[in-house]
Structure formats: structure tokens, C-alpha cells
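Inspection log for the structure reproduced underneath, given as C-alpha cells.
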């Protein structure tokens, strides 16, 4: 990674999603509705990618509440990307600051 991506403000949905990804979590659009009360998590992922964050995705098949098979997208950062990012003090600082400001998310 030649340069660090742009960090979002700590009080945004983008920050919550980035924090989860940096902690090694996989996130799905569907679960973001419950966590941050937005149906636009895919838009936030797109914005994070535009800001320079390397976010991978994969489709998964799940059963909906109506017992139908649906495809959902799951987003994640690879171990290689995370290990590279963790070497930067700014990334570690972002995680620490987010945890301090948003105790519920950690």
C-alpha cells in the first residue's frame, strides 16, 4: 500500500463499518440494517472503496424470514490487507479512537 486511505469521521456509518472491517469482521448489508439502522450500507462500502480502502466481497446464499433463498453480499478485508494496514500507526490510532468514542461498538 503506497498511501493510506482516507479515514471517515468517527461519528459516521462509514466509520462504524470501517471499524468492524479493520477488526477482522465480515459484514453483510442485511445485518447493517440492524446494527446502524440504514439500508444504504452498500453505498457506504462503495464510498470507503473510493476513499482507498481495499474491501473484498463475496455472495452468500441465505434463507430469508419468508423462508426464501436469497443472495446477500458479505464484505471483508483479507488477512494480507489487514496485516499491512496494522503496520500504520494511523490505522491503530483510528481503531483506538473509535473504541474510546463508541464503547458499544467494541
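Rounded to the nearest 500, what is the 222 nm mean residue ellipticity of the chain from helices alone, with -39500 (n - 2.57) per DSSP H run of 4+ residues and division by all residues?
Mean residue ellipticity, 222 nm, calculated: -13500 deg cm²/dmol.
In which sequence would 77, 60 go, from the one with the fewest C-beta neighbours within 10 Å to the one with the most?
60, 77
Taking just the alpha carbons, could you work out the radius of gyration and Dmax for the chain, both in angstroms?
Rg, Dmax (Cα atoms, Å): 14.2, 46.
Can you tell me the relative contact order of the chain? Whole percent, Cα pairs under 8 Å, sequence separation 6 or more.
For the chain, the relative contact order is 29 percent.
I want to verify a result. In a Gaussian network model of the chain, Cα cutoff 10 Å, which of these has the top mean-square fluctuation: 14, 28, 73?
Most flexible of the set in this elastic network: 73.
Under 20 Å from a point 7 Å along the Cα-to-Cβ line of residue 84: which residues of segment 50-65 have their amide N that close?
Answer for this model: 50-58.
If I fit a long axis through the Cα atoms of helix 13-22 and take the longest principal axis of the Cα atoms of the chain, what angle between them do I get, 0 to 90°, rounded to 10?
80
Sort 48-58, 62-72 by the packing proxy (mean of other Cβ within 10 Å over each peptide's residues), most packed first.
48-58, 62-72
Take the alpha carbon gyration tensor of segment 54-106, find the square roots of its eigenvalues, order them as a ≥ b ≥ c, and report rounded if a/c is under 1.5; if not, report prolate when a/b exceeds b/c, else oblate.
Taking the square roots of the gyration eigenvalues as a ≥ b ≥ c, segment 54-106 is oblate.
No value in this document is a laboratory result; all are computed from the given coordinates. In this text, all values refer to a predicted model and were calculated from it rather than measured experimentally. Virtual Cβ from ideal backbone geometry, glycine too; neighbours counted across all protein chains shown.
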